[in-house]
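Here's the structure we're looking at; comments come further down.
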Ligand code: NAP
Ligand code: GDD
């Protein structure tokens, strides 16, 4: 029986991947740094929490990683655990580097010593392209990270390649562009938007406050992307792959699509931090801009070229942005209704 160890099991991707692998007949060992029941809400919502064997694993602690791998003998390891919020990496750059750069190295060292036949997946990111040098970005595009998070992930990306070339370990990096879902963390912009618009739909009058509305992202659906992660570990040879949709939209457009879902049209007025979004019919203020949510250095535009994954893995995205916004809005409206009932 195939046995997968997933770090970051309680995060968005960890939960979707656990469900996918369990459906494929895998035994899943779910690793996260804390074992608090409420943290596995995503696994519970997907109906697989009881099938996951939960264990403690902190990416900061080598002896912990080493003994987990030695004890459980996984056939595949998916390293999804990370300090994954770019904005926080400017406040916690050293912690971010320790978890996101040295964390994967700790796992690779354990694999090298315990059993080099264990396959390894590393969650690389489009954030490594940063100040992009060409568009769309593929596996061949030069990296130019713009955040401590991006720099840390780039170290991890290269050390994966190095362990593959030096020790023949089957180690892959998936360079994934932004992927969202109803289970996205509230700190990320898409979820912050859909969650707030859902509240406004149910009567809340507080405007949504955002930072840079002009940044553009290539947003896909997380449940599509985790299938690509799994495929990367089933090939003849380990390699790195971009997963993306090939389309790029601004935060402003994502806001408009979310309000459109509740039949509101946004009219924009003003510039920079003085810009506001109004309800085109009622003139009610829907959106404001605050300096608080701008970053010291921004990634202005990301757009991925997933043709290598399509050709070699047979992978392609199945969910367009309109459908994704609909999934997130529907979920958030229902969840807000549940919360109102609880009060
Ligand atoms: P997420 O929801 O933030 O999940 C990350 C998980 O990592 C959380 O469960 C977190 O646990 C855990 N973690 C944090 N520090 C840890 C540590 N020291 N030891 C062990 N676990 C730790 O992230 P995601 O969106 O699922 O993304 C999964 C991975 O893909 C991340 O590595 C992310 O950087 C990368 N990625 C994501 C995207 C995207 O658009 N979603 C795109 C490219 C790459 P706590 O709850 O305790 O914090
Ligand atoms: N979070 C947030 N909150 N972002 C905002 C806001 C806001 O209020 N207003 C504007 N933004 C802009 C950010 O400046 C950024 O340009 C964009 O929205 C997306 O921000 P996030 O949703 O936080 O995602 P990210 O692109 O920085 O990082 C995500 O994607 C990466 C892949 O490219 C994360 O999932 C990373 O872990 C992942 O590697």
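Every read-out reported here was derived from the displayed coordinates using simple, explicitly stated rules and does not represent laboratory data. Predicted, not measured: the structure shown is a model, and the values here were computed from it. Heads up, the Cβs are rebuilt from the backbone with ideal geometry, glycines too, and the neighbour counts pull from every protein chain shown.
Over the range 108-246, what is the mean sequence separation of C-alpha contacts under 8 Å (at least six apart), divided by residue count, expressed as relative contact order in percent?
On the way: 186 pairs, mean separation 40.2, N = 139.
Normalised by residue count, the contact order of the range 108-246 is 29 percent.
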(request) Would you mind computing, in nm to one decimal, how far apart the modelled labels at residue 260 and residue 300 are, each placed 7 Å from Cα along Cα→Cβ? (result) 2.5
(request) Considering Cα pairs under 8 angstrom that are at least six residues apart, work out the relative contact order of the range 205-301 and quote it in whole percent. (result) 37
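Packing-wise, with mean Cβ within 10 Å as the measure, how do 95-108, 263-276 rank, highest first?
Working: 95-108: 22.4, 263-276: 12.8.
Descending mean neighbour count gives 95-108, 263-276.
Under the Kirkwood approximation for Rh and a Cα-based Rg, what ratio Rg/Rh is obtained for the range 30-163?
Details: Rg = 15.9 Å, Rh = 16.0 Å.
In the range 30-163, Rg relative to Rh is 1.00.
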(request) With label points built 7 Å along Cα→Cβ from the Cα atoms of residue 236 and residue 62, find their separation and express it in nm. (result) 3.7
(message) Can you give the log10 of the normalised intensity I(q)/I(0) at q = 0.11, 0.12, 0.22 Å⁻¹, computed with Debye over equal Cα scatterers of the range 144-257?
(response) -0.49, -0.57, -1.29
(message) What is the angle, in °, between the Cα long axis of helix 189-201 and the longest principal axis of the Cα atoms in the chain? Nearest 10 is fine, range 0 to 90.
(response) 40
(request) Mind jotting down the three principal axis lengths of the range 216-256 based on Cα atoms? Whole angstrom, largest first. (result) 43, 17, 9
(request) Mind giving me the nanometre distance, one decimal, between the label points for residue 275 and residue 55, set 7 Å out from Cα along Cα→Cβ? (result) 4.8
(request) Would you mind calculating the relative contact order of the chain from Cα pairs under 8 angstrom and at least 6 residues apart, reporting the percent as a whole number? (result) 17
(request) For helix 222-232, report the angle its Cα long axis makes with the longest principal axis of the Cα atoms of the chain; keep it between 0 and 90° and round to the nearest 10°. (result) 20
(message) Averaged across orientations, what area in nm² does the convex hull of the alpha carbons in the range 97-144 project?
(response) 4.2
(message) Considering just Cα atoms, how many Å³ per residue does the convex hull of the chain enclose?
(response) 132
(request) Tell me what the chain gives for mean residue ellipticity at 222 nm when only DSSP H runs of n ≥ 4 count, each as -39,500 (n - 2.57), the sum divided by the residue total, rounded to 500 deg cm²/dmol. (result) -12000 deg cm²/dmol
(message) At q = 0.11, 0.22 Å⁻¹, what log₁₀ I(q)/I(0) does the range 243-343 have when each alpha carbon counts as one equal point scatterer in the Debye sum?
(response) -0.52, -1.20
(message) I'd like the FRET efficiency for residue 88 and residue 166, computed as 1/(1 + (r/R0)^6) with the beta carbon distance as r and R0 of 45 Å, rounded to 0.05.
(response) 0.90
(message) What is the angle, in °, between the Cα long axis of helix 251-261 and the longest principal axis of the Cα atoms in the chain? Nearest 10 is fine, range 0 to 90.
(response) 70
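For the peptides 58-65, 292-299, what is the packing order when you average, over each peptide's residues, the other Cβ atoms within 10 Å and list the highest mean first? All intermediate terms of the calculation are to be shown ahead of the outcome.
Numbers: 58-65: 17.2, 292-299: 14.4.
Answer by packing, highest mean first, reads 58-65, 292-299.
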(request) With both partners inside the chain, how many of the DSSP beta bridges are antiparallel, as a percent to the nearest 5? (result) 20
(request) Arrange the peptides 248-260, 158-170 so that the one whose residues have, on average, the most other Cβ atoms within 10 Å appears first. (result) 248-260, 158-170
